[in-house]
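For reference, the structure is listed below as structure tokens.
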Amino acid sequence: MSGRAKFVVVFVKELRETLRDKRALGMVLLFVLMYPMLVGGVLQQQISRALKPEKEGIELTVIGAARAPTLMTQLKQKNVNIVDAGPMTEEAITALLRTQKTAAVLRLSDTYGDDYRSMRPARVELWYDSAADSGRKVGDVEQVLRSYSRTIAGARLLAHGVSPATLYPVQVQKYDTGTSASRSASVIGTMLGMFFIPAFFFCLSTAVDSTAGERERRSLEVLLAQPAHTRDLVLGKWLAASCVSIVGLTLELCIAHAVLKYLPLEEIGMSWRLSWLDLLLVCATSLTLPLFAAAFEIALSINARTFKEAQTTASFAIMLPIVPVIVVPMLNLNTAAWMYLVPVLSHQTLLREMAKGQAVGVLPFVLTFGASLLLALLCVAFTQRRMQSDRYLMSI
Amino acid sequence: MIEIHDVTKHFGKVHALAGASFVARDGHVTALLGPNGAGKTTLLRMLVGLLRRDGGTIAVDGVDPGKDPMTVRRSIGFLTDQFGLYEKLTTREYLRYFGQLNDMDDAALARRIDEVTELLALGDILERRAKGFSQGQRIKVALARTLLHRPRNLLLDEPSRGLDVMSARALRRALAALRADGCCVIMATHVMQEVTNSCDDVIVIAGGRTVAQGTPQSLCERTGIASLEDAFVKLVGTEEGIAV
């Protein structure tokens, strides 16, 4: 006896093959770097948008400003910068708006002053480009025009002895309770879940190649005829694929942690209150996710006749754990214990709770760790049973 | 020595084996002839204990592969037409992998790798990865793997399929050496010439049953036909499963 357990022999051989597969390693590296960078980039963008002063001045080009000095004063008071312009053709206005140097163009009609004085509706044209990203600014200008119009109307009614209140049978008061934090909460929740998805990609190549690939190349037949139990073969292949994924996921989480710690997340009402010790705990709890990912993919690949077939099947199946990660944050549910029983969703929920800086308790860790482990073992048991069945052994 | 007696096996309603019996003696190369679907693969997989039989007895050097597959597999060298090499492993790593799976310790393994390297002239490809090996190099590596743990019984499943002349000769030489060594060799094949050249004994199976066993000459005499190919056709009642 060599003293080496057979599953270790298989494990070492599969790992050696993976380490020599440049494409598989490239994929691992890509996901290790890509996800944290992607999430970091998106968050950075949100932060810089949030940091932009809420009320920066609105640039408004006005044609014939001299005809309405009171209106201009009103606009200036509302933080609108008025650029006086001479008469312009419609084409010139359109061209000006396209440059996005001005939020809108206000054109006062030639008869504005006369109409105003003789109490006829004085025409004001508001030109804007709805395709440009200035909807809020145009809305603000409109608001000023409307309130100006209402003030004048009120004054005129008052002059005729009518209370301006008759103009407002209904009074609308608006309250906006939305904060940037609540808006981004569901987006960020999904992002945290996305950190764990690569666990399924890291091991894909190894899992598929060591099962369906080996069957396709017909080396499985020889391997099964060796004095090694199916249990040892499955165990070795499973652990090899898992190992790749464990290394990948741990690296990726560390990079993600560094990125999130670096970003000033408070600006968008989010927090990342994890210490490196917390992260270590998350990584340890997440050890079973790669075990499940690899076992799941091997269980699927075992039935495929070719590498390609297995890869396609597995790629589709990976969508399965992604669905709850995207859907559940959208549902705005309160955190519940069952969430810790679904792989990936459980990791996402755990990370989100920890990011808030609250005490999470032991149960979520145990459930997250245990649920994935249990599913992994079920997949391995299935694979072993399947590989020992007559039907499988006749088809290799 | 491999003895099988009245072995039956069915998959659902299909009877893959319906009472196959034969004896493959030590120091003999025994050809296993039969049309496609005759049950050759089923039989070979049963001999290494991968498939369970429904009835009958099998003994490989007196051990039942259904009861103790690990002992039987340690005494068997298994060679298929696909050779089962791993592209990313060197020949030495490949041999070490299978040596370890066959419970060989490191010292014995290193010694034995040196021996098979010399026997099969693998020196130039020992440290090379299998990717890009020619068909001849592949069969040599696969043969080395088959012989590595000094099996007393060899199961060869159409080993000569797709071989060039040089590789076929290498295979034939290896067979002769094994026979001289007193090994029991069973070779499933479609190639009649190979049977005439290398085999001492022929077993013909058809429809999951043994229809004849004997030397190539005795089969010809029994059917009253001079060529083995024609004799085979007469025995199984079909031309399927013959390659020239």
Note: A:10-16 gets an average of partner chain Cβ contacts (10 Å, Cβ to Cβ) equal to 3
Answer in debye to the nearest 20: the dipole magnitude of chain B about its Cα centre, from +1 Lys/Arg and -1 Asp/Glu charges placed on Cβ, is 500 debye
Length gained, A:Ala381-A:Arg123, 0.36 nm per residue minus C-alpha separation, equals 84.9 nm
Longest principal axis of chain A (C-alpha) makes with the long axis of helix A:230-262 (C-alpha) an angle, in degrees to the nearest 10, of 30 degrees
So the FRET efficiency between A:His229 and A:Ala359, C-beta based with R0 = 35 Å and rounded to 0.05, is 0.15
With B:Leu17 itself left out, Lys, Arg at +1 and Asp, Glu at -1 over residues whose Cβ is under 9 Å from its Cβ give +2
Taking r as the C-beta separation of A:Asp133 and A:Glu91 and R0 as 30 Å, the FRET efficiency to the nearest 0.05 is 0.85
Here, A:Val83 and A:Gln100, labelled 7 Å along Cα→Cβ, have an inter-label distance in nm of 1.4 nm
The answer for chain B, counting only DSSP H helices whose Cα atoms cover 20 angstrom or more along the axis and whose Kyte-Doolittle average is 0.0 or greater, is B:165-180
Quick calc: nm separation of the 7 Å Cα→Cβ label points for A:Arg4 and A:Gln171 -> 8.6 nm
Answer in debye to the nearest 20: the dipole magnitude of the stretch A:262-396 about its Cα centre, from +1 Lys/Arg and -1 Asp/Glu charges placed on Cβ, is 420 debye
For chain A, the longest principal axis of the Cα atoms and the Cα long axis of helix A:6-19 enclose an angle in degrees, to the nearest 10, of 40 degrees
Counting only DSSP beta bridges fully inside the protein assembly as shown, the antiparallel percentage to nearest 5 is 45 percent
Ranking A:Val32, A:Pro69, A:Gln44 by how far each Cα lies towards the positive end of the charge dipole of the stretch A:25-79 (+1 on Lys and Arg Cβ, -1 on Asp and Glu Cβ), the top one is A:Pro69
When A:Val380, A:Val362, A:Val144 are ranked with the fewest other C-beta atoms within 10 Å first, the list becomes A:Val362, A:Val144, A:Val380
Under 18 Å by backbone N from the virtual spin label 7 Å along Cα-to-Cβ at A:Leu374, the residues of the stretch A:325-362 are A:336-350, A:362
Other residues with Cβ under 11 Å from the Cβ of B:Gly132 give, with Lys and Arg +1 and Asp and Glu -1, a net charge of +3
Exposed GluC sites (Glu not before Pro) being those in a DSSP loop with at most 13 other Cβ atoms within 10 Å, the longest stretch of chain B free of them is B:1-126
Those trypsin sites (Lys or Arg not before Pro) from the stretch A:244-326 that are DSSP loop and have at most 15 other Cβ neighbours within 10 Å turn out to be A:Arg273, A:Arg305
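Dipole size in debye (nearest 20) for the protein assembly as shown around its Cα centre, Lys and Arg Cβ +1, Asp and Glu Cβ -1?
Using Cβ point charges on Lys, Arg, Asp and Glu, the protein assembly as shown gives about 1040 debye.
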The exposure ranking of A:Leu374, A:Leu106, fewest beta-carbon neighbours within 10 Å first, is A:Leu374, A:Leu106
Here, trypsin sites (Lys or Arg not before Pro) of the stretch B:45-89 satisfying both criteria (DSSP loop; at most 15 other Cβ within 10 Å) are B:Arg52, B:Lys67
Stretched fully, the stretch from A:Thr335 through A:Leu287 gains (0.36 nm per residue minus C-alpha distance, one decimal, in nm) 15.0 nm
For A:Lys13, the lysines lying under 27 Å Cα to Cα, once residues fewer than eight places off in the same chain are dropped, come out as A:Lys22, A:Lys237, A:Lys308, B:Lys88, B:Lys131, B:Lys140
Once A:Lys22 and A:Glu142 are pulled to full extension, the length gained, defined as 0.36 nm per residue separation minus their Cα-Cα distance, is 37.2 nm
Simple spin-label estimate for B:Ala18/A:Ala159, 7 Å along Cα→Cβ, in nm, reads 11.4 nm
Taking Cα atoms, the helix A:345-355 axis meets the longest principal axis of chain A at an angle in degrees (rounded to 10) of 60 degrees
Among A:Val380, B:Gly84, B:Gly66, the residue whose Cα sits farthest towards the positive end of the charge dipole of the protein assembly as shown, when +1 is placed on the Cβ of each Lys and Arg and -1 on the Cβ of each Asp and Glu, is A:Val380
Computed ³J(HN,Hα) along the stretch A:329-335: with the Karplus parameters 6.51/-1.76/1.60, θ = phi - 60°, integer Hz and x for glycine or proline, the list is x, 5, 6, 6, 7, 6, 4
Farthest towards the positive end of the dipole of the protein assembly as shown, among B:Ala170, A:Trp338, A:Ala228 and with Cβ unit charges of +1 on Lys and Arg and -1 on Asp and Glu, lies the Cα of A:Trp338
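Coordinate-derived values only; no laboratory data. Note that the structure is predicted; figures quoted are calculated from it, not measured. Positions of Cβ are generated from backbone atoms using ideal geometry, with glycine treated the same way; all protein chains shown enter the neighbour counts.
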